[in-house]
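The structure appears below as C-alpha cells.
Derivation of every value follows stated rules applied to the coordinates shown; laboratory data play no part. Everything quoted here is computed from the prediction, not taken from an experiment. Please note: Cβ atoms are built from the backbone with ideal geometry, for glycine as well, and neighbour counts cover all protein chains shown.
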Amino acid sequence: MFSFLKKKKKESEKKKPQPQNVVSPADVNIPVSPHFNVNIAKILTHLDHTDDLGQRRIQFQGKQALLLYFVPMMQSEKINQDVIGPLQQAKSGEVEDAVAIASITKTKDIHEAIHYLCKGACLLLIEETDIIYCIDAGISQARSVQQPQNEKVIRGSHEGLTENLDINLNLVRQRILDGSVVVKYVQIGSVSRTRVAVVYMNHLTNQKLVKDVITRLKTIETDALDSPGIIEESLEENPFSFFPQLLNTERPDKIVSNLLEGRVAILPTGSASALITPVNFFSFFQSPEDYNSRSLYGSFYRLIRILGFFIAISLPALYIATISFHYELIPNDLILTVKSSLENVPLPPLAEALLMVIILELLREAALRLPTSISQTIGVVGGLVIGTAIVEANLVSNMMIIVIALTAIAAFVVPSNDMSTALRLLSFPMMFGAAIFGYLGIVFIFVLIIMHLSLLESFGTPYFYPLVPMQFDNMKDSVLRMHHWYMNDRPRDTLPQRIRRQKSMRKWAGQKK
C-alpha cells in the first residue's frame, strides 16, 4: 500500500511543471550591425515601439544619422544646441570633436546602448557604421542635498545622502582629499542593472574584507534591485537573527568616519542611505552627536542609549513577572496603588502587555503612512483617546500604560531604526518567558540573547566586540566615548592595514610651563 502511494506521488511530481532557468533577453549580447536600418529595427523591437521614444533624422558629414532618446528624460533646447546643431554643422572629424558634451560612450552592443538610453543618454546611429554613440545629454533629476530625516544632530554637518549615487560619492570624496578613497562598481539586476558602489580606503582597509564584500554582491542574481533590503539580506551571515548585521546610515560624515576605521561602505543607486560593514553591537548606539560634543556629554548620552536597550527589552517582562509571581517584592507604599490599578482589570498581565504593544505599533505604522500634517495629530489624539478610553473600560491598568510608554520611549532613543525594531521584537519572548517562569524566565531569555550576540559575526568579525573577545584596549569607544586624544589606534575588529590613527593631539600640554 505504501509503495503504491509513493508511486502515485512520484507520478504527480512528474506532471507538475518544473521551474526553468530562463535567460533574460538583456543578458544576451546583440552586436551592432553595419546596416543602419537593421540596428534601428532591433532597438525599436526591443523597446516595443514605445510612444515616449523620440526620433530625429539628421545629416552628419553627408551620411544619414538617427538620434534616439526618451522624450521625458530630455530637454529640447539642450539637445538642439549641444547635439543636433553641432553635428549638422560639422564638416570633418569624429563625433566627439563635434558634440560639446564630455561624456560620450562608444558601444558595439545593442543591449548596452539601450542601457545607456534608459539612463538618460541619447543614441546616435550613423549609416555604414557598426558603432552606436551614447551621448549623455539627459536632464538631471537629482534631489538637492538636505538634512537627514532619521539622523539629525544639533552640532556638526547637516548634509544627507540623496538618491543620486554620483552626488553621494562626491559628498564622501569632499571629506577625504588625499586620493585614498577607492570606488568599485558592481552591477546587480539583469533587468534594472542597478549600479552599486563599494567604497573603501586604499592601504587601510583589509583587502580580504573588500574581496569578500564584492564576491557576495556578485552572487546576487535577480531581475531588479529595487531596495537596499535585498543587499542587506543577501550579505548577512545570519539572516534569521533579530539583530541587524549591517549599519544603515544617511550621513556622509558617518560613512567617512567608518571608512577611516577600515570598514567598507555600500552605496546603491536610487537609495538615500548606505550600508556599512563590518559592524559590532555598539556601532548601533553611536551617533555623530557623541563626537561633535565633549566626551563627557557623549559618554552620558551613550549610557542613556544603552540603558534604553535594557529598558526596552525587559521592563514589560519585569512588570509581568512581578505582578504574576513576585508581588512580595513590591514596596509596601506601592502595594495599594498597584492593587487599585489591577482590581477591576479582567485580563492577565501578559494579555494587557500584548494588547498595548499591538496598539502602539498600529499607531506608529499609521503615523508613518499618513501625511506629515495628519500623522502628528493621530499620534497625540490616538494615544490620548485610546489610552484614556481603554483605562476607563478597565481593559488595561494605569501601571501597564506607564510601563508600555516607557518601553516605547526607551526603544526610540536608539539612533538606529533597525536596532530599535529589534529591541521591540525581543520584548515579546521576554514577556512570554516572564509570564511562564517569572524572573527565571527573564534570566533564561537574557542569557540566550547574550549567547547569540557572542556567537554572531559580521563578515567574519565578532559582533559583540570588544566584550567578546574581551579587549580592554579597544573599549575606549564602546560603552563610553573617551577623549579624542586617548583614541590613537583604530579598532582592531576590522583588521585594518594600519592600526595607528594619530600621534598626539595635546602636545602643547606637555610643553606648557
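Annotations for the structure displayed:
- Estimated distance in nm for a label pair at Ala90 and Gln376, the labels positioned 7 Å out from Cα along Cα-to-Cβ: 5.6 nm
- Filtered GluC sites (Glu not before Pro), the stretch 310-411: DSSP coil and at most 13 other beta carbons within 10 Å: Glu343
- Averaging Cα coordinates gives a centre for the stretch 114-176 and one for the stretch 217-278; these two points are 19 Å apart.
- The protection proxy used here, the mean number of other Cβ atoms lying within 10 Å of each residue, ranks peptides 409-416, 219-226 as follows, highest first: 409-416, 219-226.
- Summarising the label geometry, the points placed 7 Å from Cα in the beta-carbon direction at Thr50 and Arg173 lie 2.9 nm from one another.
- Rounded D (µm²/s) - the stretch 165-279, Kirkwood Rh over Cα pairs, Stokes-Einstein at 25 °C, 0.890 mPa s: 172 µm²/s
- Linear extension gain, Ile330 paired with Ile131, 0.36 nm per residue minus alpha-carbon span: 63.4 nm
- Ordered by the count of other Cβ atoms within 10 Å of each Cβ, fewest first, Asp48, Asp109 give Asp48, Asp109.
- Separation of the alpha carbons by more than 29 angstrom is noted, of Lys78/Lys106; Lys78/Lys184; Lys254/Lys507; Lys218/Lys254, for Lys78/Lys184.
- Residues Phe464, Phe285, arranged from fewest to most other Cβ atoms within 10 angstrom of their Cβ, appear as Phe464, Phe285.
- Calculated mean residue ellipticity, 222 nm, the chain: -14000 deg cm²/dmol, from DSSP H runs (n ≥ 4) at -39500 (n - 2.57) each, averaged per residue and rounded to 500.
- Average Cα contact separation per residue, the chain, under 8 Å, 6 or more apart, as relative contact order %: 13 percent
- Peptide ranges 493-505, 303-315, 151-163 listed from the most packed, as the mean C-beta count within 10 angstrom indicates: 303-315, 151-163, 493-505
- Diffusion coefficient, µm² s⁻¹, Stokes-Einstein with Kirkwood Rh over alpha-carbon pairs of the stretch 418-457 at 10 °C and 1.306 mPa s: 151 µm²/s
- Separation of the Glu365 and Ala100 label points, Cα + 7 Å toward Cβ, nm: 5.6 nm
- Under the criterion of Cα pairs below 8 Å and six or more residues apart, the relative contact order for the stretch 385-513 equals 9 percent.
- Least to most buried among Phe444, Phe432 (fewest other Cβ within 10 Å first): Phe444, Phe432
- Backbone N within the stretch 394-426 under 19 Å of label point (7 Å from Thr388 Cα along the Cβ vector): 394-402, 405
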